[in-house]
Amino acid sequence: MRFRRDAPLDPGQITDVRGRGFGPGGLAVGGGGLGAIGVIIYLIVALIGGGGGLGQLGPLDGTQVGRGDTPAEVSTACRTGQDANEREDCRIVAVVNSVQKFWDGVFQRSGRKYGYVDTVFFTDQVQTGCGLASSQVGPFYCPNDQLVYIDLGFFDELQSRFGVGSAPFTQAYVLAHEYGHHVQDQLGVLQQIGNDRQGPESRAVRSELQADCYAGVWAAHAVETGLVEQLTQADINQGLDAAAAIGDDRIQEQTQGQVNKETWTHGSSEQRRRWFSRGYENGKPAACDTFSGAI
């Protein structure tokens, strides 16, 4: 996966709080178990926590999470596609720009307005509208503040544990998946999940598979956004490998030695690969209806 050398980047879609401890919003107040919709958007909490639960965070009453300024390093270093070809953080900037440009076009053609949101880079832990999050939660989307959060060290963990994570398109798949949740949030899908958050046919699993499918839809049109120069079959295979690596069954087998479908929150390896493929092959969001029939 490479980006057009002269394609302009918009680092303003990134809020970089790496090294600032708690990130935008200051110190956390409160805690508890992660509740409501915010829990469904983690990618790999079971990898670290050893279980298929819904995380350890909690909503913080009265806490406001504001957007920080983009630090000079990112805003000055990540200016063109060539920078994205040379630096990991600039690559994420380019992916975020491409994904949001694609969905903006989709929404416009449907007579709707897409709401651009930032991706927050953090290290160790960060204050969010869904609670105080540690890097162990993995990348996630918080609907309370409509921000995507990622500790870039997640990719090192993904590589060391599962042998995927360092490839550019693996990283792109992860970000596109999280922005798929933002699309769901704007369409009212996340609000329909309610307490149906576990089990092989649960709404939580269906929402995750739809986000995988949406990532595939973006991939089908990534070059058209003007930022991505080329996607090869090898790139797509990297995305498929990543989707399979973080299936609930694969993670449970490696962390617990057994599979319990009743605690699934994201779907099996086969399902995640299949729905990403469906989105990529069809190239249409309408192909991503995971809420009708069997999955």
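Which is closer than 25 Å to P11 by Cβ, open to solvent by 20 Å² or more (accessible area, probe 1.4 Å) and either of a type in the set (D, E) or free of Cβ contacts under 8 Å to residues at least 12 places away in the same chain (or both), of S166, S135, S160? Spell out how you get there, then give the answer.
Values: S135 fails: either of a type in the set (D, E) or free of Cβ contacts under 8 Å to residues at least 12 places away in the same chain (or both); S160 fails: closer than 25 Å to P11 by Cβ.
Testing whether each residue is closer than 25 Å to P11 by Cβ, open to solvent by 20 Å² or more (accessible area, probe 1.4 Å) and either of a type in the set (D, E) or free of Cβ contacts under 8 Å to residues at least 12 places away in the same chain (or both) leaves just S166.
Counting only residues that are in a loop (DSSP other than H, G, I, E, B) and either buried (at least 20 other Cβ atoms within 10 Å of the Cβ) or not polar (S, T, N, Q) (or both), which one in the stretch 224-235 is modelled with the lowest pLDDT?
Residues of the stretch 224-235 in a loop (DSSP other than H, G, I, E, B): 226-227, 231-232.
Among the residues that remain, those that are also either buried (at least 20 other Cβ atoms within 10 Å of the Cβ) or not polar (S, T, N, Q) (or both) are: 226-227, 231.
Working: G226: 98, L227: 98, L231: 95.
Going through the qualifying residues, I end up with L231.
Of everything in the stretch 236-249, what is open to solvent by 10 Å² or more (accessible area, probe 1.4 Å) and touching a residue at least 60 places away in the same chain (Cβ under 8 Å)? Give them in sequence order.
Q238, D241, D248
Only one of L209, L227 is in contact with a strand residue (DSSP E or B) (Cβ under 6 Å, 6 or more places away or on another chain) and in contact (Cβ under 8 Å) with a residue 60 or more places away in the chain; which? Even if it seems obvious, please write down each step before you answer.
Working: L209 fails: in contact with a strand residue (DSSP E or B) (Cβ under 6 Å, 6 or more places away or on another chain).
Residue meeting the stated conditions: L227.
Conditions tested, residue by residue: (1) farther than 16 Å from P8 by Cα; (2) modelled with pLDDT of 95 or more; (3) of a type in the set (D, E, K, R).
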{"site": "P71", "(1), (2), (3)": "yes, no, no"}
{"site": "V74", "(1), (2), (3)": "no, no, no"}
{"site": "T80", "(1), (2), (3)": "no, yes, no"}
{"site": "Q108", "(1), (2), (3)": "yes, yes, no"}
{"site": "Y116", "(1), (2), (3)": "yes, yes, no"}
{"site": "T123", "(1), (2), (3)": "yes, no, no"}
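Would you mind stating whether A220 is closer than 15 Å to W103 by Cα, touching a residue at least 24 places away in the same chain (Cβ under 8 Å) and of a type outside the set (K, R)? Walk me through how you get there before you give the answer.
Numbers: closer than 15 Å to W103 by Cα: yes; touching a residue at least 24 places away in the same chain (Cβ under 8 Å): yes; of a type outside the set (K, R): yes.
Answer is yes for this residue.
Just wondering, is there one or more residues in the stretch 259-271 that are in a loop (DSSP other than H, G, I, E, B), more than 30 Å from G293 (Cβ to Cβ), open to solvent by 60 Å² or more (accessible area, probe 1.4 Å) and not acidic (D, E)?
In the first step, residues of the stretch 259-271 are kept if they are in a loop (DSSP other than H, G, I, E, B); the result is 259-260, 264-268.
Now restrict to residues that are more than 30 Å from G293 (Cβ to Cβ): none.
No: zero hits.
Restricting to the stretch 82-128, name every residue that is among the small types (G, A, S) and open to solvent by 30 Å² or more (accessible area, probe 1.4 Å). Talk me through it step by step, then tell me what you get.
At the first step, the residues of the stretch 82-128 found to be among the small types (G, A, S) are 84, 94, 98, 105, 110-111, 115.
Within the stretch 82-128, S110, G111 meet the criteria.
Please name all residue pairs, on different chains or six or more residues apart, with Cβ atoms under 6 Å, provided the first residue is in the stretch 279-292 and is touching a residue at least 24 places away in the same chain (Cβ under 8 Å) and the second residue is polar (S, T, N, Q) and surrounded by fewer than 19 Cβ atoms within 10 Å (Cβ to Cβ).
Pairs found: none.
In this structure, is Q159 of a type outside the set (K, R) and in a helix (DSSP H, G or I)? Full working, then the answer.
On the way: of a type outside the set (K, R): yes; in a helix (DSSP H, G or I): yes.
Yes: the conditions hold for Q159.
Here's the yes/no breakdown for (1) open to solvent by less than 20 Å² (accessible area, probe 1.4 Å); (2) assigned to a helix (DSSP H, G or I):
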| residue | (1), (2) |
| --- | --- |
| V174 | yes, yes |
| Q184 | yes, yes |
| Q191 | no, yes |
| G194 | no, no |
| V205 | yes, yes |
| L209 | yes, yes |
| V217 | yes, yes |
| A220 | no, yes |
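Which of (1) of a type outside the set (D, E, K, R); (2) free of Cβ contacts under 8 Å to residues at least 60 places away in the same chain; (3) within 17 Å of Y214 (Cα to Cα) is the odd one out, the single condition G115 does not satisfy?
The one condition G115 does not meet is (2).
The values are calculated or read from the model by the stated rules, or taken from the named source; none is laboratory data. Model, not experiment: these values are computed from the prediction. No Cβ is skipped: glycine too gets one built from the backbone with ideal geometry, and neighbour counts run over all protein chains shown. Heads up: the accessible areas ignore ligands, DNA and RNA and are worked out on the full protein's heavy atoms, side chains in. Shrake-Rupley method; radii C 1.70, N 1.55, O 1.52, S 1.80 Å.
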